[in-house]
């Protein structure tokens, strides 16, 4: 994933070129192919930085920062989907030269045609910063699901933007004050629940489907996209539904395979094998250029993922590299190693083995696919769905759904209590206790918990509540909007391990998500029936028939107990003051205590504090890897 940064001094002070060059060197771990700096503005007060990591068929000939009109300049990580449709639309708006335009050039043409509203019609994965010299505007945005991060800090007269948190912090006036709520969220939930903040109080993050506009005296945030909440599309024949899904999946995979080789994190379930099945039909010489990575356990817990993944590989002709995690899922010496992550993270428990894996995958292919999405998008919200049909008086569809649900589940309440019971239950809006509610750790500082009202943040909205924003897919909607996605995206981001690479998520394609969210829950979401039907005759029958199979046991808990692992001694105990009750830091053997996950998060925070203190301003991959790069310093050509 390419790296980028922007610095704008709205008071007209010339940007510090030495700072821009340092940012370029820092970002070289993201973009080893090329690092470039552009300086412009009426008084050389604007600086853009780009570190290229080419992952598309036209990436080699794209050199950012760039402009198509000498007015708007862009830097970013930009991958555009549905490019043919976008080119046709732009040509219809009178834009010239779009036929051979790269992704970043297409975005610039779209901006020239529609201003900041162009992002409303943009598809793909992207995070970018765009400087409009005529309007004196710095505009940045991230993609619909927030896969590609964009961080920003507004100082008195300056704005700093980057897709790398520590790059923002390189600015000499960056504020290092911590965000107490973000740290508390990590300790309780393992993720910051606010999608627009970071662990630093003054550094924000552009939320999913959002953009930010910076002017001299104004900052404007705008949400350009939200998950759709539409009625189910009813009355279609099964073949039509399956055909549309196959087409959309092929579209999503094809748009993400504009590269020579693809690695796939391959499980023995349905989701990632379906991606592999599509990829082998699209990628040239697929038996060489589609490579699977399968993960499992040999002895720590019972696990047959590798067996089923092997069946998929044999059927599709995909080579698989197996990685067994018995001895690496938890490193007992993690707390003593100088591993620094941009924000507090439980990834430090297995940091070295994870980094080695990322290096292995990146050495195989620049782009990897991850199959997360269908478990969330195809949640079986059958009660809410039936309730919606009944409230809309769509009696025939409701009757069909009841029959289908009952015939599929012989133990369902439909047969036990009858359709009348079901109707009363749906209409009454009966709900179970919300799942996923967290509890506050016993050691958490009580004053902090009270001041931040942390107990309230532990209770999620009940399923089907109006807060979800969807009348009949509440579980799906809440799951897809959860900030837990941020944890997933961050763990695949190169900033976590300092390894260049790009992970793509085809199931989070906006076109596929819209299809999933208008799909009749019954029958298509029960046990992910749409995937099973679509993959018949393509994947092995045993894989298609296999039910969702969670791990037989918690491998981290098993390893912690096997090692008789003891909690470490804190290394930054004074910095924990304010987050932990005095004398309440846990000790003893982790496997013998309740809540050992939350306890380990406390020590992960202690580790983060200690490593940050030792390394000064933070993790600098330029220093860690010994990278030395020469930057191409560009200056605005005022004659254009």
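Name the single residue, out of those in segment 326-356 being free of Cβ contacts under 8 Å to residues at least 60 places away in the same chain and part of a helix (DSSP H, G or I), that is farthest from residue 576 (Cα to Cα). Out of the qualifying residues, it is 356.
Looking at segment 298-314, is at least one residue modelled with pLDDT of 95 or more, under 22 Å from the mean Cα position of the chain (by Cα) and more than 22 Å from residue 126 (Cβ to Cβ)? For segment 298-314, residues modelled with pLDDT of 95 or more, under 22 Å from the mean Cα position of the chain (by Cα) and more than 22 Å from residue 126 (Cβ to Cβ): absent.
For segment 563-582, the set of residues classified as surrounded by fewer than 18 Cβ atoms within 10 Å (Cβ to Cβ), modelled with pLDDT of 90 or more and closer than 13 Å to residue 442 by Cα consists of 581 only.
Give the number of residues within segment 1-36 that are outside any helix (DSSP H, G or I) and more than 22 Å from the chain's Cα centre (by Cα).
Number satisfying all stated conditions: 16.
Counted as qualifying within segment 116-235 are the strands (runs of 3 or more DSSP E) with 3 or more residues that are without any contact (Cβ under 8 Å) to a residue 40 or more places away in the chain, namely 218-223. Residue 91 meets each of the listed conditions (1) assigned to a loop (DSSP other than H, G, I, E, B); (2) at pLDDT below 95 apart from (1). Just one of the listed residues (59, 97, 124) is farther than 21 Å from residue 254 by Cα and not assigned by TED's automatic domain parsing to the domain that holds residue 505, namely 97.
Condition check ((1) more than 20 Å from the chain's Cα centre (by Cα); (2) farther than 20 Å from residue 79 by Cβ; (3) not assigned by TED's automatic domain parsing to the domain that holds residue 91) across all residues:
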| residue | (1), (2), (3) |
| --- | --- |
| 116 | yes, no, no |
| 130 | yes, no, no |
| 170 | yes, yes, no |
| 174 | yes, yes, no |
| 191 | no, yes, no |
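Only one residue in 522, 530 is at pLDDT 95 or above, out of contact with any strand residue (DSSP E or B) (no Cβ under 6 Å at 6 or more places or on another chain) and within 30 Å of residue 377 (Cβ to Cβ). Which one? The unique qualifying residue is 530. If I ask for residues that are part of a helix (DSSP H, G or I) and crowded, with 18+ Cβ neighbours inside 10 Å, which ones from segment 61-88 would you list? Result: 83, 86, 87.
The single condition among (1) more than 30 Å from residue 155 (Cβ to Cβ); (2) without any contact (Cβ under 8 Å) to a residue 60 or more places away in the chain that residue 249 does not meet is (2).
Results for (1) over 30 Å from residue 566 (Cα atoms); (2) buried (at least 17 other Cβ atoms within 10 Å of the Cβ), shown as yes or no for each residue.
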{"residue": "236", "(1), (2)": "yes, no"}
{"residue": "260", "(1), (2)": "yes, no"}
{"residue": "285", "(1), (2)": "yes, no"}
{"residue": "290", "(1), (2)": "yes, yes"}
{"residue": "293", "(1), (2)": "yes, yes"}
{"residue": "297", "(1), (2)": "no, yes"}
{"residue": "319", "(1), (2)": "yes, no"}
{"residue": "324", "(1), (2)": "no, no"}
{"residue": "327", "(1), (2)": "no, no"}
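Taking the conditions (1) in a strand (DSSP E or B); (2) over 24 Å from residue 56 (Cα atoms); (3) at pLDDT 95 or above in turn, residue 295 satisfies each one other than (3). Exactly one residue out of 455, 461, 438 is part of a helix (DSSP H, G or I), surrounded by fewer than 18 Cβ atoms within 10 Å (Cβ to Cβ), at pLDDT below 95 and touching a helix residue (DSSP H, G or I) at 6+ places or on another chain (Cβ under 8 Å): that is 455. Where helices (runs of 4 or more DSSP H) fall entirely within segment 482-560, those with at least 1 residues that are more than 30 Å from residue 239 (Cβ to Cβ) and touching a residue at least 60 places away in the same chain (Cβ under 8 Å) are at 484-492, 494-497.
The values are calculated or read from the model by the stated rules, or taken from the named source; none is laboratory data. Small disclaimer: the values here were computed from a predicted structure and weren't measured. Every residue, glycine among them, receives a Cβ derived from its backbone with ideal geometry; neighbour counts consider all protein chains shown.
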